[in-house]
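Chemist: I'd like to ask you about the structure that follows.
No value in this document is a laboratory result; all are computed from the given coordinates. Here the structure is a predicted model, which is why all the values come from computation and not from measurement. Heads up, the Cβs are rebuilt from the backbone with ideal geometry, glycines too, and the neighbour counts pull from every protein chain shown.
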Ligand code: TXA
Ligand code: MG
């Protein structure tokens, strides 16, 4: 069972030391980031990384993001072109993952990168996690700390509930401020590609690269060009799934259904809803992103069989919010 370590000035040092010791011992650590909580392990230790896949029930073809303390550490494992460096300078530490060619000499184990010749790297913004990364000195592989296919965790309690038995140390810095996962950009073939919308809006990235982000290569024809099996292997269609059925762009609410809405919108029949949860009554997409996964968990906890989701604008952070909701609504395997 995880040792729960809520962080305050009096507990911080001991918690950092405990996390570093656990990582060095090949154990799993629950780590806060600004996006969602991660399930961390030493990325250079194949056995530790195997424990991540086992704990999550994650398919081994789905690579993990390696978390590092800064750009210099990232460049030890990946090959950064000028655009990649510019993006790192603009957004790290922060919710951006860069997928770049993996250095042959990188110590990151093949299992962490799922045998690909590319690697996803990111410098997270949580101060305690960055201190852990700096002190550990090795990259930390960390997927979101949820069972594969389920809703990502935004609090330490979420992690303990789902994976508490697998985690040696649970570092708790409170609810994650961004609430959706990092934006993933691939810089492999000279064309910057958006693999996953996330905590940094597309437009902010495009402003830095000075042009539009391309789509991921299609899953068949172009795969060989990138040398990857699928564009973002984790972007399997059904994902982020609560127990409840999720209905998007609802213009009508059925009696007893939960309504997940935005900016005060009330579709027809809202008065019959079993519960109305507005992600941001004031229409702030940042607030909505921060509350999204908590909201899905809450409605699940209340036992709703169906969640009607009112239309949510797809600009800015809305692109990531709608992406997650689409996956939550996708047919389940
Ligand atoms: O915000 C985040 O990114 C969180 C926190 C914990 O850092 N992490 C996260 O990890 O969301 P995960 O494993 O849940 O999602 C990582 C995604 C997966 O879809 C995976 O397929 C993709 O990144 N990915 C990782 N390495 C890749 C690579 N080399 N090429 C393409 N996609 C990659
Ligand atoms: Mg995930």
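Chemist: State log₁₀ I(q)/I(0) for the range 106-224 at q = 0.11, 0.12 Å⁻¹ as given by the Debye formula over alpha-carbon point scatterers of equal weight, solvent excluded.
Modeler: Log10 I(q)/I(0), no solvent term: -0.49, -0.58.
Chemist: Using only Cα atoms, tell me the angle between helix 285-301 and the longest principal axis of the chain; keep it within 0 to 90° and round to the nearest 10.
Modeler: 70
Chemist: Then there's this: Scaled to the compact-protein estimate 2.2 N^0.38 Å, what is the alpha-carbon radius of gyration of the chain, rounded to two decimal places?
Modeler: Working: Rg = 19.4 Å, N = 333, 2.2 N^0.38 = 20.0 Å.
For the chain, the normalised Cα radius of gyration comes out at 0.97.
Chemist: Same structure again: By how many degrees, between 0 and 90 and to the nearest 10, does the Cα long axis of helix 82-91 differ from the longest principal axis of the chain?
Modeler: Helix 82-91 sits roughly 60 degrees off the main axis of the chain.
Chemist: Specify the angular offset, from 0 to 90 degrees and rounded to the nearest 10, of the alpha carbon long axis of helix 46-56 from the longest principal axis of the alpha carbons in the chain.
Modeler: 10
Chemist: Grab the Cα-Cα distance for residue 204 and residue 315, subtract it from 0.36 nm times how many residues apart they are, and report the gain in nm with one decimal. Can you show the working numbers first?
Modeler: Working: separation 111, 0.36 × 111 = 39.96 nm, distance 1.15 nm.
Taking 0.36 nm per residue and subtracting the Cα distance, the gain is 38.8 nm.
Chemist: For an R0 of 30 angstrom, estimate the FRET efficiency from the Cβ-Cβ distance between residue 85 and residue 148 and round to the nearest 0.05.
Modeler: Working: r = 33 Å, r/R0 = 1.09.
With a Förster radius of 30 Å, E is 0.35.
Chemist: For the range 1-160, taking Cα atoms only, what is the radius of gyration to one decimal and the Dmax to the nearest whole Å?
Modeler: For the range 1-160, the Cα radius of gyration and maximum Cα-Cα distance read 14.6, 44 Å.
Chemist: Please give the length that would be gained between residue 14 and residue 157 if that part of the chain were fully extended, namely 0.36 nm times their separation in residues minus their C-alpha to C-alpha distance (nm, one decimal).
Modeler: Fully extending the segment from residue 14 to residue 157 adds 49.5 nm.
Chemist: Counting helices only, and only those DSSP H runs with n ≥ 4, report the 222 nm mean residue ellipticity of the chain as the sum of -39,500 (n - 2.57) divided by its residues, in deg cm²/dmol to the nearest 500.
Modeler: Working: 10 runs with 98 residues, N = 333.
Using -39500 (n - 2.57) per qualifying helix, the result is -8500 deg cm²/dmol.
Chemist: What ranking do 257, 287, 206 get, fewest neighbouring Cβ atoms within 10 angstrom at the top?
Modeler: With the sparsest Cβ surroundings first, the list reads 206, 287, 257.
Chemist: Extending each Cα 7 Å along its Cβ direction at residue 276 and residue 110, get the distance between those two points in nm, one decimal.
Modeler: Spacing of the two 7 Å Cα→Cβ label points: 5.7 nm.
Chemist: I need the Debye-formula profile for the range 260-309: one equal scatterer per C-alpha, no solvent, reported as log10 I(q)/I(0) at q = 0.14, 0.19, 0.29 1/Å, two decimals.
Modeler: The Cα Debye sum returns log10 ratios of -0.33, -0.60, -1.17.
Chemist: Rounded to whole Å and ordered largest first, report the semi-axes of the equivalent ellipsoid of the range 1-51 derived from its Cα gyration tensor (root of 5λ). Intermediate values should be presented prior to the final figure.
Modeler: Details: eigenvalues 82, 33, 16 Å².
Taking √(5λ) for each Cα gyration eigenvalue gives 20, 13, 9 Å.
Chemist: Each label point is 7 Å from the Cα along the Cα-to-Cβ direction; what then is the distance between the points at residue 60 and residue 254, in nm?
Modeler: Here the answer is 4.1 nm between the modelled labels.
Chemist: Shifting gears a bit: Arranged by the count of other C-beta atoms within 10 angstrom, fewest first, what order do 118, 183, 154 take? Mind dumping the intermediate values first?
Modeler: Numbers: 118 21, 183 29, 154 26.
Result, fewest neighbours first: 118, 154, 183.
Chemist: Please order 178, 185 by the number of other Cβ within 10 Å, starting at the fewest.
Modeler: Details: 178 22, 185 27.
Lowest to highest Cβ neighbour count: 178, 185.
Chemist: Another one. From the C-alpha coordinates alone, can you work out the Kirkwood hydrodynamic radius of the range 245-329, in Å? Numbers along the way, then the final one.
Modeler: Numbers: mean 1/r = 0.0804 Å⁻¹.
Mean inverse Cα-Cα distance, inverted, gives 12.4 Å.
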